[in-house]
Amino acid sequence: MTVLLIDDDHEVLDASRQTLELEGFAVEATTRPEDALDRLGPSWRGVVVTDVRMPGLDGFALLERVRAADPEVPVVLVTGHGDIAMAMRAVRGGAYDFIEKPAEPSHLVEVVRRALEHRRLVLENRSLRAQLAGGGSLEARIIGRSAAIERLRTAVAGLADAEVDVLLFGETGTGKELIARSLHDAGRRRAGNFVALNCGALPDTIIESELFGHEPGAFTGAQGRRIGKLEHADSGTLFLDEIESMPMHLQVKLLRVLQERVIERVGGNRPIPLDLRVVAATKVDLLRQAGEGKFREDLYYRLNVVTVPLPPLRERREDVPLLLRHFLDAAAARARRPAPPVDAAALARLAAHGWPGNVRELRNVAERMALGFGDGLAGGPVTGAGGGIEPLAEQMDRIEKQLVEDALARCGGRVGETADKLGITRKTLYLKMRHHGLHRGDFTEE
């Protein structure tokens, strides 16, 4: 990063240059502003510190030229004839700061340091946005630059057109549905339906009808024919999330479907051939579940043709800035407000976080940041009308909401499990979710 110093007074120019160089800044100094304009542009890594009153191109004219090249290059105007009117003109013109001669060395250093940090963040955000928008379809969808994500993208690209069923293994919040959709959209089945079913979110009484469909009169209330998820996914992809939650009697029927690619609707006798791909997802060790009698071993081996592990966020912390930028931009767009900048200190705190809720937790953090709640981890700044202190009841209410959100995220939106973890009844949890405007569907697998 470079500090470009411009002043027609050689003594002032040399003094400022020495002050900044002693603080470790890289400095380029010139008495001719015209000589500096050619190097300025959107990719220039530096800031401009310029005198206002100079022959030819003065500081305000230079400010206009710099902003035409890149409006986000910080320009600091320096003058020995400052007044309030001139300072206001500088601010309205887009100057980063306005200081008077002779500049106090410590003040000059502090202003330049802040300006350089601002420029660094601008360029970093531009780079992140370019990576998000400019990559191929998988790069734009499966976001990250870590070795783990590179391996994941390579696996998805290689499996997209392969006619094999896939088992996704990863913790809650790692994006299993995102990967399943990527497999579908990047493969030859993209023209067919992508059908997602959360096996842990449906009661045993209706999951069979949801999967296989039913004929009229198959059971009480079955007045018409229903096409099930399996049949709806014909020529496409069926995504079975939380496959470990599927009842044992349905595991037997699913095994037959995987082996024969044929179903019969509930209450029907006609075999219906299917051409579909099954992508299943789990957060538990299915082989261990099979050893404990909680999952059919034969179904495990049938699903385990290819297993794709999804890395937790704590094992790819270098992807946090890129993911955060993506979620911040999306959240800010939904809130119809500009995306907030993220300083180095906030990024360091986020990088050090354990991320038990993985990418979903980071997305929730970005939502809070976009709404102005600090770095999103602690629930945001505590401010209010009462002398800068928010009323205790409001603080407690906000903290309770965050705790409920985090618990729902860790439990994948399962209300019963979340209530058990929090030590409250399901009814109490539902009441708290209604009070805070939370919906279980927002916390199920992506």
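The values are calculated or read from the model by the stated rules, or taken from the named source; none is laboratory data. All values reported here derive from a predicted model rather than from experimental measurement. Neighbour counts run over all protein chains shown; Cβ positions are idealised from the backbone, glycine included. Remember, those area values only see protein heavy atoms, side chains included, never the ligands or the DNA or RNA. Shrake-Rupley method; radii C 1.70, N 1.55, O 1.52, S 1.80 Å.
Only one of these is modelled with pLDDT under 80 and either closer than 29 Å to Gln18 by Cβ or assigned to a loop (DSSP other than H, G, I, E, B) (or both): Val76, Val91, Val66. Name it. Give the derivation first.
On the way: Val76 fails: modelled with pLDDT under 80; Val66 fails: modelled with pLDDT under 80.
Val91 is the lone residue from the list that is modelled with pLDDT under 80 and either closer than 29 Å to Gln18 by Cβ or assigned to a loop (DSSP other than H, G, I, E, B) (or both).
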TODO: Taking Ile143 as the residue in question, decide whether it is assigned to a loop (DSSP other than H, G, I, E, B) and under 21 Å from the mean Cα position of the chain (by Cα).
DONE: yes
Task: Scope segment 84-106; condition among the acidic types (Asp, Glu) and open to solvent by 60 Å² or more (accessible area, probe 1.4 Å); matching residues - done: Glu100, Glu104
Open item on the list: When you scan segment 55-63, do you find a residue that is in a helix (DSSP H, G or I), in contact with a Ser or Thr (Cβ under 6 Å, 6 or more places away or on another chain) and modelled with pLDDT of 85 or more, even just one?
Closed with: yes
Task: Sole residue being more than 17 Å from Glu104 (Cα to Cα) and open to solvent by 10 Å² or more (accessible area, probe 1.4 Å), chosen from Ala61, Ala15, Ala36 - done: Ala61
TODO: Residue by residue through segment 268-301, note down the ones that are of a type in the set (Lys, Arg) and either buried (at least 16 other Cβ atoms within 10 Å of the Cβ) or in contact (Cβ under 8 Å) with a residue 40 or more places away in the chain (or both).
DONE: Arg277, Lys283, Lys294, Arg296
Task: Boolean, Arg153 is over 30 Å from Leu5 (Cα atoms) and modelled with pLDDT of 90 or more - done: yes
TODO: For segment 414-445, enumerate the residues that are assigned to a loop (DSSP other than H, G, I, E, B) and of a type in the set (Lys, Arg).
DONE: Arg414
TODO: Determine whether Arg398 is in contact with a Gly (Cβ under 7 Å, 6 or more places away or on another chain), open to solvent by 40 Å² or more (accessible area, probe 1.4 Å) and at pLDDT 65 or above.
DONE: yes
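Looking at the structure I just gave you, is Leu108 at pLDDT 85 or above and either part of a loop (DSSP other than H, G, I, E, B) or in contact with a Gly (Cβ under 8 Å, 6 or more places away or on another chain) (or both)?
Numbers: at pLDDT 85 or above: yes; either part of a loop (DSSP other than H, G, I, E, B) or in contact with a Gly (Cβ under 8 Å, 6 or more places away or on another chain) (or both): no.
Considered against the rule, which asks whether it is at pLDDT 85 or above and either part of a loop (DSSP other than H, G, I, E, B) or in contact with a Gly (Cβ under 8 Å, 6 or more places away or on another chain) (or both), Leu108 comes out as no.
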- [ ] Identify all residues within segment 302-313 that are polar (S, T, N, Q) and either without any contact (Cβ under 8 Å) to a residue 12 or more places away in the chain or assigned to a loop (DSSP other than H, G, I, E, B) (or both); write none if there are none.
- [x] Asn304
Open item on the list: I need the full set of residues from segment 36-93 which are among the hydroxyl-bearing types (Ser, Thr, Tyr) and touching a residue at least 40 places away in the same chain (Cβ under 8 Å), in order please.
Closed with: Ser43, Thr50
Open item on the list: Condition check: within 20 Å of Val112 (Cα to Cα), of a type in the set (Asp, Glu) and touching a helix residue (DSSP H, G or I) at 6+ places or on another chain (Cβ under 8 Å). Does Asp51 satisfy that?
Closed with: yes
- [ ] Mind listing whichever residues of segment 64-83 are in contact with a helix residue (DSSP H, G or I) (Cβ under 7 Å, 6 or more places away or on another chain), closer than 18 Å to Gly41 by Cα and open to solvent by less than 40 Å² (accessible area, probe 1.4 Å)?
- [x] Val73, Pro74, Val75, Val76
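Identify all residues within segment 145-159 that are out of contact with any Ser or Thr (no Cβ under 6 Å at 6 or more places or on another chain) and surrounded by 13 or more Cβ atoms within 10 Å (Cβ to Cβ); write none if there are none.
Residues of segment 145-159 out of contact with any Ser or Thr (no Cβ under 6 Å at 6 or more places or on another chain): 145-155, 157-159.
Result: Arg145, Ser146, Ala148, Ile149, Glu150, Arg151, Leu152, Arg153, Ala155, Ala157, Leu159.
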